[in-house]
Amino acid sequence: MQVIKLPEVQRRVSLSRSSIYSAVARREFPAPIKLGSSERARSVGWLAEEIDQYLADRVKARAAAGKGVV
């Protein structure tokens, strides 16, 4: 299980920070996990497997729609 930080998530999905967090709020993108143990911890990361699955799902949706871009 690999945890990746926001810059790597942005690189993989080609979305901005605000677009990622907006999609998380709409439940259209995997939610980050807190990396600290206290309630005040601010560091978060994403599971690489969930990001990879998100991308795979986007490719499947594109194929199902029969279009080049989803």
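The values are calculated or read from the model by the stated rules, or taken from the named source; none is laboratory data. As the structure is a computational prediction, the values presented were derived from the model and not from experiment. With ideal geometry, Cβ positions are generated from the backbone for all residues, glycine too; neighbour counts draw on all protein chains shown. To get the accessible areas, we keep the full protein, side chains included, count just its heavy atoms, and leave off ligands, DNA and RNA. Shrake-Rupley method; radii C 1.70, N 1.55, O 1.52, S 1.80 Å.
Along the chain, counting only GluC sites (Glu not before Pro) with a DSSP assignment other than H, G, I, E or B and at most 16 other Cβ atoms inside a 10 Å radius, the longest segment between sites is 40-70. Spherically averaged projected area of the convex hull of Cα atoms, the stretch 1-42: 3.6 nm². List residues of the stretch 31-55, by number, whose backbone nitrogen lies under 17 Å from a label position 7 Å along Cα→C-beta of Gln10. Inside the label zone: 32, 43-46.
How much accessible area per residue does the stretch 12-52 have, in Å², with a 1.4 Å probe? Mind showing how you got there, number by number?
Working: 2900 Å² over 41 residues.
Result: 71 Å² per residue.
Scanning residues 5 or more positions from Val44 or on other chains, those with amide H under 5 Å from its amide H are Leu35, with H placed 1.01 Å from N in the peptide plane.
In whole percent, and with a 1.4 Å probe on the protein chains, what portion of the accessible area of the chain is carbon and sulfur? For the chain, the apolar C and S fraction of the accessible surface comes to 51 percent.
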